[in-house]
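**Student:** Questions regarding the structure given below will be posed in turn.
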Amino acid sequence: MSDSAKRGRDLFFSDRTGCVNCHSGANFTDELYHNLGVGMDAAEPDLGRFVVTGEEKDRGAFKTPTLRNVELTAPYMHDGSQQTLEEVVEWYAKGGHPNPTLSDKVKKLELTESEKADLVAYMRSLTGPFTPVRTDRLPE
Ligand code: HEC
């Protein structure tokens, strides 16, 4: 791992960014739904989890995606509105997009340009082989 990726890892797991509050565990996801404000400025926003539960708190909330192999899975977010990891980090730095059900875990971040680059380097370090699934042993 590069020094930049190591600094990015420390940032990712720090209270300064809070990334790990949602991207947690072995697969970097809490398997829960949060509103970051992605697409909420559209004329008819995709209401996400709300469509399933009808609960107000779920309006515009989407499931936290894994960050494994994330550098290979552009474009990003449920609507593919972000093209690069740099763009995603900028999104978080400005605190997402304001809307009534924005997660209280999303806040403006004070990050220097080199810290933003470190976060991207860390996410690039999460690229690795997919866990093989042995299909020859599945039941008929
Ligand atoms: C409040 C919980 C939460 C926090 C905090 C959070 N994320 Fe996320 N992250 C999500 C959710 C939910 C999505 C999907 C949002 C959507 O599609 O509308 C996402 C999407 C992403 C994506 C796009 C992945 C893809 O495949 O589309 C990346 C990259 C990412 N987050 C990195 C980070 C980084 C880096 C931080 C810290 C600066 C961070 N996240 C903080 C919940 C969170």
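The values are calculated or read from the model by the stated rules, or taken from the named source; none is laboratory data. Being a predicted model, the structure only gives us computed values, none of them experimental. All accessible areas refer to the heavy atoms of the entire protein, side chains included, with ligands and DNA or RNA removed. Shrake-Rupley method; radii C 1.70, N 1.55, O 1.52, S 1.80 Å.
**Student:** Using only the Cα atoms of the range 6-67, each taken as one equal point scatterer with no solvent, compute I(q) by the Debye sum, divide by I(0), and report log10 of the ratio at q = 0.20, 0.21, 0.23 Å⁻¹.
**Tutor:** Treating every Cα as an identical point scatterer, log10 I(q)/I(0) equals -0.81, -0.85, -0.93.
**Student:** While we're on this one: Taking only protein heavy atoms into account and a 1.4 Å probe, give the accessible area per residue of the chain in Å².
**Tutor:** 63 Å²
**Student:** So, with a 1.4 angstrom probe, what is the percent of accessible area on the chain that is carbon and sulfur?
**Tutor:** About 55 percent, which is the carbon plus sulfur part of the accessible surface.
**Student:** Determine the principal axes of the Cα atoms in the chain, then give the extent along each, sorted from largest to smallest and rounded to whole angstroms.
**Tutor:** In descending order, the Cα extents are 52, 43, 25 Å.
**Student:** Also, quick follow-up: Rounded to the nearest 500 deg cm²/dmol, what is the calculated helix-only ellipticity per residue at 222 nm for the chain, with -39500 (n - 2.57) per DSSP H run of length n ≥ 4?
**Tutor:** Dividing the helical sum by the residues of the chain leaves -7000 deg cm²/dmol.
**Student:** Next question, about the same structure. Any chance you could check the Cα centroid distance between the range 76-140 and the range 21-40 for me, in angstrom?
**Tutor:** Here the two parts' Cα centres lie 9 Å apart.
**Student:** Diagonalise the Cα gyration tensor of the range 59-140 and give the resulting equivalent ellipsoid semi-axes, square root of 5 times each eigenvalue, largest first, whole Å.
**Tutor:** 30, 19, 10
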